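Encoded as structure tokens, the structure appears first; notes follow it.
The values are calculated or read from the model by the stated rules, or taken from the named source; none is laboratory data. Not measured: the values here are computed from a predicted model. For neighbour counting, all protein chains shown are included, and Cβ atoms are generated from backbone atoms with ideal geometry for every residue, glycine included. Note: areas computed on protein heavy atoms with side chains; ligands, DNA, RNA excluded. Shrake-Rupley method; radii C 1.70, N 1.55, O 1.52, S 1.80 Å.
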Number of protein chains: 2
Amino acid sequence: MKKLINDSRDAVRESLAGFAAAHADLLKLHINPTYVVRADAPISGKVGIVSGGGSGHEPMHAGFVGRGMLDAACPGEIFTSPTPDQMEAATVAVHGGAGVLHIVKNYTGDIMNFEMAAELCAAAGIEVQAVVIDDDVAVQNSLYTAGRRGVGTTVLAEKICGAAAARGCDLARLAALGRKVNGNGRSMGVALSPCTVPAAGKPGFTLGEDEIEMGIGIHGEPGRRRMPLAPARDLAAHMAEAILSDLPFHAGDRVIAMVNGMGGTPLLELYLVYRELDEILRGRQIAIARRLVGNYITSLEMAGCSITLLRADDEMLSLWDDPVLTPALRWGI
Amino acid sequence: MKKLINDSRDAVRESLAGFAAAHADLLKLHINPTYVVRADAPISGKVGIVSGGGSGHEPMHAGFVGRGMLDAACPGEIFTSPTPDQMEAATVAVHGGAGVLHIVKNYTGDIMNFEMAAELCAAAGIEVQAVVIDDDVAVQNSLYTAGRRGVGTTVLAEKICGAAAARGCDLARLAALGRKVNGNGRSMGVALSPCTVPAAGKPGFTLGEDEIEMGIGIHGEPGRRRMPLAPARDLAAHMAEAILSDLPFHAGDRVIAMVNGMGGTPLLELYLVYRELDEILRGRQIAIARRLVGNYITSLEMAGCSITLLRADDEMLSLWDDPVLTPALRWGI
């Protein structure tokens, strides 16, 4: 295992310290319990938005804390759920009197701990609602998950809900919006290589020299099947077909498309996959109205990519275009 | 070799097509000769800025084409210089009557071809000046290079010169500014793994299981020495010491700092290295006035990172803060 770390037990803490030092204009790091919070939180009268999950998926979630997106993020240890006390403290820190939305990826530990935190906050008089993201079409149940896993749509939901909250949307409508985004978002990923959790010291799974894992989870959970490496156009078609047939998407739909790198994939390859996706969708008369190409929800140094498509209406597109100022996503400010 | 490509001969062309499709609001792709150019070029009365070099270093350079940075970029094949006809055509396309600045990394092929293009443009009545970036302190001469290699300072020079050109700076002053940036910028990198040029099909070099290459070049050129993997704080100290002693930097200096990923390194590790760099510089009373942490000048899927420090004066910091709107760098717009 070769990593730019000191001791694997300190990697998350030290990385967060560097992250907070680099972005002190936007956010603050709180330790014990650990969360990253907007520098100007709480915003009086605005619904706060908190997300969180295991580390190793950077920039998600802490990289999306700032204006127009998340108010706080709770990072767990690598590939490990954060604890309820982190989520509770973050929720209290961003509560500006209008309640707090939790955006939760569908993993058993995350769900359980966010629920516990919500109960603790409710007992303290803070209204909390949760939106669960379960957009991965690859498998119905998985390691760590009952139902579908939550992946790329999380990024889009955080942007869109963040914009709505900044506009003054109340908690009930914000939760409904988050569920609408989840209901219209679908994702699937492919791994060309495994990744190594520092504390484990060895890859979480192995792949043959010309083998890939189609439908991989962001923690390396098994996908649909192992298959031989194929040209990018075939892999993109495989993922796109699984996504498009699932919702299903139709001719005339407009989508926000994300081609997301898993962490170890060059941008050159991601744009090449974007080209394939663009051609596939043109062929189906589906218009890419907005797009992200890059590393947004990663799996340490895993090679591979995922595709997320969100069937977007005018409201979602308008909210997407609103200004955002975070370490990892910024426009309009 | 596992890559998200179709045929290795088409990888650059197909990736550029995807890049142009994704960023059609900002730029256009011209084919034969191949260059990426601002959608609104030429800007009348503004000095145009053109850079270029081998592909495989994305987002550099095409990812920096847009408002407030480059007017055009010429991508070569992977790790291969672009040709004079690409540079000439890009220069003609961005000439708005005030001349064109070439920002050239110090590699023999790039230098030779940009010089040839400048002569062709001069013959056609376009005034061209060139700034050569040679900021890599690792080695004095190298494969493909007489003198020092051009690396991370290129990104900073493109941002700062781009801002100055947008303000109306004339060609002579812009060239002087670019040379000032180069004169005050220093970089060094470390590789934890090699990378594979698609057409070659195998890694450009090999490293032992616990071995790293200190002072690596962005094409995998040999660095200062092979050494055993060490904690991030030792690697950061090694790079920082080489950089700081070279200029040399002094207590009281303000710097723009970049911790740059080589392509295959998780953001978690880059922020951890940034923390180490921050502590080292604090100990020397050197202030990080601005910073970039992420993948800006990469080497395909190589694992590792580089550090760039630019001793910045008020002019450079002010230009740094100016608005920029490109695929890879954006703020203030």
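Values computed for the structure shown
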quantity	calculated
Distance from region B:128-197 to region A:261-317 (C-alpha centre basis), Å	31 Å
Furthest towards positive pole of dipole, B:Ala146, B:His23, B:Thr91, structure part chain B, Cβ charges	B:His23
Surface per residue (accessible, 1.4 Å probe) for region B:12-183, Å²	32 Å²
Karplus-derived HN-Hα couplings along region A:310-315 (A = 6.51, B = -1.76, C = 1.60, θ = phi - 60°), whole Hz, x at Gly and Pro	10, 6, 10, 9, 4, 4
Share, in percent, of DSSP beta bridges within region A:185-323 that are antiparallel, nearest 5	70 percent
Region B:145-282, Cα convex hull volume normalised per residue, Å³	153 Å³
Residue-count net charge about B:Ser51 - beta-carbon cut-off 12 Å; Lys, Arg +1, Asp, Glu -1	-1
Point-to-point label distance, A:Glu209-B:Arg254, nm (Cα→Cβ direction, 7 Å offset)	5.5 nm
Complex-versus-alone comparison for region B:307-333, residues with a loss of 20 Å² or more in accessible area, probe 1.4 Å	B:Arg330, B:Trp331, B:Gly332, B:Ile333
Max mean-square fluctuation residue, GNM over chain B, Cα-Cα springs under 10 Å, options B:Ala73, B:Ala165, B:Ala232	B:Ala232
B:Arg290 accessible area, assembled protein chains, probe 1.4 Å, Å²	70 Å²
For A:293-306, mean number of other protein chain Cβ atoms within 10 Å	3
Cα gyration tensor shape of region A:12-183, rounded if a/c is under 1.5, else prolate or oblate by comparing a/b with b/c	rounded
Chain pair A, B: total accessible area buried, heavy atoms, 1.4 Å probe, Å²	4600 Å²
Nearest-0.05 FRET efficiency for B:Ala237 and B:Arg167, computed from C-beta distance (R0 45 Å)	0.75
Closest approach to the B/A rotation axis among chain B Cβ atoms, residue and whole-Å value	B:Gly264, 2
Label 7 Å beyond Cα on the Cβ vector: A:Ala123 copy-to-copy distances, nm	8.3
Point-charge dipole on Cβ atoms (K/R +1, D/E -1) for chain A, about Cα centre, debye to 20	360 debye
Calculated from backbone phi, Karplus (6.51, -1.76, 1.60) coupling profile of region A:168-183 in Hz, x at Gly/Pro	x, 4, 7, 4, 5, 5, 5, 5, 5, 4, x, 5, 5, 4, 4, x
Calculated label separations, B:Asp234, copies of the chain, 7 Å along the beta-carbon direction, nm	4.5
Per-residue HN-Hα couplings for region A:89-105 [Karplus 6.51, -1.76, 1.60; θ = phi - 60°; Hz; x = Gly/Pro]	5, 5, 5, 4, 5, 9, 6, x, x, 10, x, 9, 9, 9, 9, 10, 6
Carbon/sulfur fraction of accessible area - the protein assembly as shown, other protein chains in place, 1.4 Å, %	51 percent
Copies compared at B:Trp331 - label distances in nm, ascending, label defined 7 Å from Cα in the Cβ direction	1.9
Greater than 19 Å apart at Cα, pairs in B:Lys28/B:Lys105; A:Lys3/A:Lys105; B:Lys46/B:Lys159; B:Lys2/B:Lys202; A:Lys46/A:Lys159	B:Lys28/B:Lys105; A:Lys3/A:Lys105
Test item: A:19-25 mean partner chain Cβ contacts at 10 Å	5
Peptide B:58-67, shielding by other chains (average Cβ, 10 Å cutoff)	2
Gain on full stretching of the segment that runs from A:Glu315 to A:Asn32 - 0.36 nm per residue minus C-alpha separation	98.0 nm
Cα-centre dipole for region B:1-103 with unit charges at Cβ (Lys and Arg positive, Asp and Glu negative), debye to 20	160 debye
